[in-house]
Structure formats: structure tokens, C-alpha cells
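The structure under discussion appears below in the form of C-alpha cells.
Each reported figure results from applying straightforward, stated rules to the coordinates on display, with no laboratory input. This is a predicted model, so every value here is computed, not measured. Methodologically, a virtual Cβ is constructed for each residue, glycine included, from the backbone with ideal geometry; neighbour enumeration extends over all protein chains shown.
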């Protein structure tokens, strides 16, 4: 990197959360005109490091120096004023505010004249920015709640880059985006680099890390391991550096049942003419016990609404969701009481009680099953058991979920339904934000559940996940099922893509 100028230096950055040493005196350099990936397992310290840089967390000890001047942002707005921005993994927009208000949050002063906010001028400027980013379909004057999770992430991308920051942190953002959204984000990242600025890119997808990055730094258990040029490594080498040992890459299923002979189990869920206006239309399919059924498609195909519809969480749903015993599922309580588990793609807002403890999140659905007398000890032991089974990195189960990394939050979601021992699992993006090692463990867990006879439905934007894990795959397009594909060693990603577009 001798031709490039040092832009940001972190000197012995350190952070503890009680007894947990999240970042251990990490020193790193970031240069002008580079995309610098920061990778590691869940809990390795990468998000904690960048959260201190961007004002989300106070710096424990150590110093950040940007263009030769020490910076210690008090919050994200203060970080923006220092030329540092972040697009976070989870939802970073505030409900109840318009798109424009979210875009200029903390910077409204430029639209205030004589003590009065000029909302019209704010909306106009926000719409001009959205149009310039090729996102003219998003209306600046609408409340952001009108838009889905992915669209709100696109708003955050515009918000974080319109002021031309020196440092842009992209923290696991690609896991929230479909193909179109990822392309837009990658365009923005390349544009930031081309302007002589720096992108700090956090991702668990080793393919996109190698595709997008110039240099890659690895953290493990809070320690800095090394920095490598992308030209010197491949995916296997990066995985080894992350976990400290060679990784077996064959973590998908290896069986290919003969479906003319091996029939799936009884029907667990029958979906009949299910429609959610504007999302999905006239869906008819069956999920069987002892199978993993996949749903895939492009980001706006409607597949994420399928899980909500089955779980009774689509309040304007039409049609029927019928269980094997004849029960009609029309609300969430009925679903839970009849052994249906649901994990949403938007885990912070729809799958977790984000401001409650790990213990609360794991035990709440199972309390009725645990008997009348629920002692603190009994609840804690229950939560400990399933948090440990998911290898959750935490201080203890009394820790608040909000303090966990994205991957560890996902482990808590899955631990909850493990504890509930649900027979029907509807999992939307189950490995989103999960590192390689834990992803392998989750795939093995799903396969074990399938063998036990549970019915599993996976909604995923990862094509290889669908091909590697599912017995059948439905491809959705424009809110409808466009194709059904059977598990086969000959099935390729191109077979799925051809039915998506």
C-alpha cells in the first residue's frame, strides 16, 4: 500500500463488557482509495471495533486518528460530522418518521429558518438524492414504515453517503439485501473508493469479501490476527484464518433421496389459495413432515411474506392455512400453541424482544410447557441449555439481547424454538449474519430435525443454501409460485436463476 496515503489509524483499540473482552488492543490501518474487509466469527470483535469508530459505542481505550487528527465520536451524528458513516446490519431507520426525516436525522438545521422547519424543502432535497441514486420509486414524503426491510436499508445507504464521508462502514448490510439491493450497495462502495475514501466492509460471505475488497483484516476472539491482500488468499484460506483451523467445506446435505420411492411424511401444513394484497397471490402448496421445503426468488418476489402468512402474522391475509389436525391458523397464538416456530428476516423488530434478556427471549414461548411453578433457577437453566446448544457468545443469559452481535442474536432466535421443540419450523433467512462454523452447525441441526420427522420451511436469498439443504424448492416471481424444483445432484444455481428472472 506504499502508493496510497494513510487515512485512518486505530491504535490499541480496546473494549470490555463486564468480564467479556470484546476487542483486545487492536491496531489497524486504513488507506485512501481502498475497500478494507474486516472479517471474523460472530463475537470476534469486528462490529464492536467499528461501533466505537462510528459513535454507536464509547471507546474503551485507545485512539482513532483520521487524517492526522484524533476522533472519538459521541454518537452517529457526531461521527457524520467527522466524516464517518455506517450502514448497520439491522434496521437503522426510525419508525414514525418519513423517509426524508430519517435521511436528515440529526442534520435538520439546514432546513430550519427562523425557528421553523421547512418540510417541503427537506422532502425536495431528499427526493433529489433518492433520484440521483436510482431510487426514485421511494417517496421521500412517506413514512418509512410504508416500506419493507430492504427498501429501508437502501434509504440508509443514501443517508450514510450523500455527504461524501471519508470512512464508510458497511456492517453485514448485504445479508439484508436481495440481488438488486446488493448491486446498488456495491456500486456505492466502489464509488466511495474511487473518490479516494475508504470502505470498511464486514461480511460473512467470503465470496463477496474477495470480490469487493482490496485488503482483508481478520479478528478472532477480540484479537487482531493478520491483514492480507485479496490476491494472496482464497475462500478456504480466509476461513482457516477466521477459525484457526482447516474448515470442512462440505456442510450441506449429501443425500439425494429417490422421490419415486422415498415419499415424504404426512402433510403438516396445507396452504390453500393464500393471498396477501400487494405481496403474494393465490399460493397453494403443502409442507410435509420429514422434509425441508425451500422458497427462493428475487428480493421483491413476495417470498418473505410466505412465512408471515403461515405464522398468522399477515393481518390482511386471505385464504387458508390448515394443519394436519384440521386447525386453521389465523393468528400468532394459534400458530405457537400448535407447535409452529417462525424466525423472521427482520429479527430485531419481529423475532426478538431486543431490550429484554437472553433468558426472557428463549423462555417466553415455552413457559406454559414448563409447569406452574417457574423458579428463577428453572428459567435460567432452561435458557442456559439452549443458548449453549447454539454456542451463543454472551456474558450470561441475563445479558440483554441488544448487546449481542448480529450473529449471536440469530442464535438466540433459534435457541428459543429449539427449547419450544416445535414440530413445524418456518425460518426466513436462518443463517443471515452467521459465521461459517455456526452456519455448518445450523445446517446439521436442520438435517437432524428433518430426520426426526419435523417439517421445515426455509426462505432464503442464498441459492446454494436452497440447493444444498432442501428436498423441494419453490421459486417465486411477482408474488406467485413460478416453479417447483426437486433435490438433485444435477441441480445448479443457473436452474434456479432461470426461474427467478
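If you average over every viewing direction, what projected area does the convex hull of the Cα atoms of the range 294-383 give, in nm²? All intermediate terms of the calculation are to be shown ahead of the outcome.
Values: hull surface 31.1 nm².
That works out to 7.8 nm², a quarter of the Cα hull's surface.
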Determine, from the Cβ-Cβ distance of residue 74 and residue 132 and an R0 of 25 Å, the FRET efficiency 1/(1 + (r/R0)^6), rounded to the nearest 0.05. 0.25
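Report the extension gain between residue 110 and residue 20 in nm, rounded to one decimal, defined as 0.36 nm multiplied by the number of residues separating them, less their alpha carbon distance. Display every interim value, and only then the final one.
Working: separation 90, 0.36 × 90 = 32.40 nm, distance 4.18 nm.
Stretched out fully, the residue 110 to residue 20 stretch lengthens by 28.2 nm.
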Could you let me know the centre-to-centre spacing of the range 9-83 and the range 142-216, using Cα atoms, in angstrom? 18
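Got a sec? How would 287, 219 order by Cβ neighbour count within 10 Å, fewest to most?
On the way: 287 21, 219 27.
Lowest count first: 287, 219.
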If the label point is 7 Å along Cα→Cβ of residue 402, which residues in the range 1-37 have backbone nitrogen under 20 Å from it? 16-20, 22
Backbone N within the range 18-51 under 12 Å of label point (7 Å from residue 441 Cα along the Cβ vector): 42-43
Footprinting proxy, 81, 288: sorted fewest to most Cβ within 10 Å, the residues are 81, 288
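Taking each pair of distinct Cα atoms in the chain once, what is the resulting Kirkwood hydrodynamic radius in Å?
Working: mean 1/r = 0.0418 Å⁻¹.
It is 23.9 Å.
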At 222 nm, what helix-only mean residue ellipticity would the chain give, in deg cm²/dmol to the nearest 500, using -39500 (n - 2.57) for each DSSP H run of four or more? -9500 deg cm²/dmol
Spin-label point model (7 Å from Cα, Cβ direction): what's the residue 163 to residue 120 distance in nm? 2.6
At a temperature of 4 °C and a viscosity of 1.567 mPa s, determine how fast the range 349-422 diffuses translationally according to Stokes-Einstein, using the Kirkwood radius over alpha-carbon pairs as Rh; express D in µm²/s, rounded to the nearest whole number. 108
Cα point-scatterer Debye curve for the range 118-272, base-10 log of I(q)/I(0) at q = 0.09, 0.10, 0.11, 0.16 Å⁻¹: -0.48, -0.57, -0.66, -0.97
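Tell me the relative contact order for the chain as a rounded percent, counting alpha carbon contacts under 8 Å between residues six or more apart.
Working: 1004 pairs, mean separation 79.8, N = 501.
RCO, the chain: 16 percent.
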When the convex hull of its Cα atoms is projected in every direction, mean area for the range 37-88 (nm²): 4.0
So what's the gap between the Cα centers of the range 454-501 and the range 348-365, to the nearest angstrom? 30
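For the range 6-243, state the semi-axes of the equivalent ellipsoid (square roots of 5 times the eigenvalues of the alpha-carbon gyration tensor), sorted largest first and rounded to whole angstrom.
Semi-axes (√(5λ), whole Å): 31, 20, 16.
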Among bridges DSSP assigns within the chain, what percent are antiparallel (round to 5)? 55
Of the listed peptides 144-154, 415-425, 65-75, what is their order by residue-averaged count of other C-beta atoms within 10 Å, with the highest listed first? 415-425, 144-154, 65-75
